[in-house]
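Novice: I have a structure here, written as structure tokens, and I will follow up with some questions on it.
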Amino acid sequence: MSGKQVTGDPIRVALLGCGVVGSSVATMLTTHADDLSARVGAPLELVGVAVRRLDKDRSDLPVDPALFTTDAADLVTKADVVIEVIGGIDPARDLILSAMKHGASVVTANKALLAEDGPTLYAAADTAGVDLYYEAAVAGAIPILRPIRESLAGDDVRRVLGIVNGTTNFVLDQMDTSGAGLQEVVEEAQALGYAEADPTADVEGFDAAAKAAILASLAFHTRVSGAQVHREGITEVTAADIQAAKDMGCVVKLLAICERSGEGVEEGISVRVHPAMIPRSHPLASVRDAYNAVFVEASAAGRLMFYGKGAGGDPTASAVLGDVVAVARHKVGGGRGPGESAYADLPVRDMGQSLTRYHISIDVADLPGVLAQVATVFAAHDVSIETVRQQVTTGSRANLIVVTHQAPDRALAATVEALAELPIVDAVTSVMRVEGE
């Protein structure tokens, strides 16, 4: 407990949502009230917690039961700072806009809303002269957004590469270490509380794509929506893919990759989320369980890595309360934090223009000249082969493992389609990108 004397009018704080994250926020706001108030320079007063049901037992929370309400719309009009952790698009958007209209700064963890309609929220904050902070929207407790937005504001960020979804990282890590199949590990993740009953947002990549849109928007000073992010989940990753990665000294991770390339009129950005093989020597390969890690590459600062717990009640609440202290300080001392920076307005390139490498597994006839036919297809699409490995599966059939050099994704995809049409090819059994070198 702080010994600093705190004076002045209290900063009224309203909390929207009391689930896993909201409960942790409410607990920390209450139990750490004196320290938080000392850091702000004025008392922080929790004036209400909006919930869907009043009859739910919340006796384990150190919060006055009289503060719980189902009238979120009224609550946001009575606060100086509104914390939104209910998630989703509606009613979160209307509540945030109403809070700003009534003069409240907003702290949110809502990556889906920010990725879909961030510019509307920024415009409303500018009109009202209030703050919009959202550190908790990406990578839980890891401070990543503020370093990009503020600490690297004088630098030129070129690339952001990371693991930003703990559920999929846990699943892929368990598949790698135990050899289990995807469905089995997803069920384990659900039992441990890492995955929701409906894991679609995680395993199909929607959660990571929303976070990638936020990261790219900040890093490249360009508005990027979730719809502009190329998205592939992990549902097609098999135990065979995991083993193939092991065979070439790699591990499979679901990566968010935001890149800025080109110069002048040719400059643009690409934003993508997909599973990829990365060398086991790469720092991201050692990110285990449900942890997150993000690499930022900037012209002057070089390569920076941010690592930590990417989800969970207390870790996310830590990021939320860091934002609450920041915006409350602005309420006490005047001024505002940085708003939207979209001056660069760079074009967002489609996935076909992104440079990557492919690992391709092909079942073929074990005959003379097969390798030459396969190589001809690669050459016709201007794709260079890095390595080829052949395994005989039966007396007359074989499996080819081809790893390419870097090429545009469009050319690589066209190569795969052409390979599948060759008479000597039974099937293209696996295709996965290779990153991180």
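Novice: Any chance the range 318-327 includes a residue that's touching a residue at least 12 places away in the same chain (Cβ under 8 Å), surrounded by fewer than 19 Cβ atoms within 10 Å (Cβ to Cβ), closer than 30 Å to Gly8 by Cβ and not hydrophobic (A, V, I, L, M, F, W, C)?
Specialist: Yes: one or more hits.
Novice: Name the residue, out of Asp198, Asp173, that is free of Cβ contacts under 8 Å to residues at least 40 places away in the same chain and either closer than 26 Å to Val348 by Cα or assigned by TED's automatic domain parsing to the domain that holds Val296 (or both).
Specialist: Values: Asp173 fails: free of Cβ contacts under 8 Å to residues at least 40 places away in the same chain.
The unique qualifying residue is Asp198.
Novice: Any idea which residue in the range 383-437 is farthest from the chain's Cα centre (by Cα), counting only those that are among the basic types (Lys, Arg) and in a strand (DSSP E or B)? Before you say what the answer is, go through the steps one by one.
Specialist: Here is the first cut: in the range 383-437, the residues among the basic types (Lys, Arg) are 389, 397, 410, 433.
Retained after the next criterion (residues that are in a strand (DSSP E or B)): 389, 397, 433.
On the way: Arg389: 35, Arg397: 42, Arg433: 19 Å.
Out of the qualifying residues, it is Arg397.
Novice: Since Ser341 meets every condition but one in (1) of a type in the set (Ser, Thr, Tyr); (2) part of a strand (DSSP E or B); (3) within 30 Å of Tyr122 (Cβ to Cβ), which condition does it not meet?
Specialist: All conditions pass for Ser341, except number (2).
Novice: Give Ser341, Ser286, Ser299 a once-over and let me know the one that is farther than 30 Å from Ser37 by Cβ, free of Cβ contacts under 8 Å to residues at least 12 places away in the same chain and polar (S, T, N, Q). Walk me through how you get there before you give the answer.
Specialist: Details: Ser341 fails: free of Cβ contacts under 8 Å to residues at least 12 places away in the same chain; Ser299 fails: free of Cβ contacts under 8 Å to residues at least 12 places away in the same chain.
So the residue among Ser341, Ser286, Ser299 that is farther than 30 Å from Ser37 by Cβ, free of Cβ contacts under 8 Å to residues at least 12 places away in the same chain and polar (S, T, N, Q) is Ser286.
Novice: Kindly list the number of the only condition in (1) out of contact with any strand residue (DSSP E or B) (no Cβ under 9 Å at 6 or more places or on another chain); (2) closer than 30 Å to Thr77 by Cβ; (3) of a type in the set (D, E, K, R) that fails for Glu187.
Specialist: The one condition Glu187 does not meet is (2).
Novice: Still on this structure, I have one more. Restricted to the range 86-124, and to residues that are polar (S, T, N, Q) and in a helix (DSSP H, G or I), which residue is surrounded by the most Cβ atoms within 10 Å (Cβ to Cβ)?
Specialist: As a first pass, look at the range 86-124 and keep what is polar (S, T, N, Q): 98, 105, 108, 110, 120.
Add one more test, that the residue is in a helix (DSSP H, G or I), and what stays is 98, 120.
Values: Ser98: 19, Thr120: 13.
Looking at residues that are polar (S, T, N, Q) and in a helix (DSSP H, G or I), I get Ser98.
Novice: Could I ask something else about it? List the strands (runs of 3 or more DSSP E) inside the range 215-308, counting only whole elements, that have at least 1 residues being of a type in the set (Asp, Glu) and at pLDDT 95 or above.
Specialist: On the way: elements: 250-261, 268-279, 291-298.
Per the criteria, 250-261, 291-298.
Novice: Within the set of pairs 6+ apart or on separate chains, which have a first residue in the range 71-93 that is within 17 Å of Leu29 (Cα to Cα) and in contact (Cβ under 8 Å) with a residue 40 or more places away in the chain, a second that is buried (at least 22 other Cβ atoms within 10 Å of the Cβ) and of a type in the set (Phe, Trp, Tyr), and C-beta atoms under 6 Å apart?
Specialist: Cβ pairs passing all conditions: none.
The values are calculated or read from the model by the stated rules, or taken from the named source; none is laboratory data. Worth saying up front: this structure is predicted, and the values here are computed from it rather than measured. In this analysis, Cβ positions are derived from the backbone assuming ideal geometry, glycine residues included, and neighbour counts consider all displayed protein chains.
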